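Here's the structure, in C-alpha cells; my notes come after.
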Amino acid sequence: MRKILFFTFLVLVSMQTLSAQATAEKNKKNTAVLRHVVMFKFQDKATTDDIKKVEEAFRALPGKIPLIKDFEWGMNNSPEKLNQGLTHCFLLSFQSVEDRDAYLVHPAHKAFGEVLKPYFDKATVLDYWAHK
C-alpha cells in the first residue's frame, strides 16, 4: 500500500512540475518584446532647432500609434567615438512582428518621415527579439 501511495505521490509531483514548466514557457513567449532601434545622423546644415523639431516629432509617435508598447530615446555620449556620426537613438518596443510592420506603414510614421527628410543624412535600423 505504501508503494502505491508513494508512486501516486511521485506521479502527482511530476505532473505539477510539468504543468509549471509549460506555464513558464507560455508566459515567456507572451512577454517577448520586439525592439526596433533607430539611430540617426543629421546633415551638417541641420540647426539645433531643426534637430529639436525631429526629436519632438519622433517623441510624439507613441501618442499617435498605440501599437508602440514602449519608447525611449537619447543622444550619444559615448567616449569611444565609434558612433560613425550617429547622434540620436530611438528605441521602440512592439508585441509582434505584425505590430511593427503596421507601425512602419502607419500614416503618423510616414508623416514623421516627411519632418525628418530635410535634415536626414543617414540611419541605422536594427530590430531584434529581446531575450532575458
Exercise. Order the peptides 108-119, 73-84 from the highest to the lowest mean number of other Cβ atoms within 10 Å of their residues.
Key: 108-119, 73-84
Exercise. Determine which aspartates and glutamates satisfy two conditions relative to residue 53: a Cα distance under 15 Å, and not lying fewer than 8 residues away in the same chain.
Key: 114
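If eta is 1.567 mPa s and T is 4 °C, what Stokes-Einstein diffusion coefficient results for region 32-130, Kirkwood Rh from Cα pairs, in µm²/s?
So the translational diffusion coefficient is about 92 µm²/s.
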Quiz item: Any idea what the relative contact order of region 32-130 is, in percent, if you count C-alpha pairs under 8 Å spaced at least 6 apart?
Solution: 53
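Just so you know, all these numbers are worked out from the coordinates, no wet-lab data involved. Predicted model only: the values in this text are computed from it and were never measured. Cβ sites come from the backbone with ideal geometry, for glycine too, and all protein chains shown count toward neighbours.
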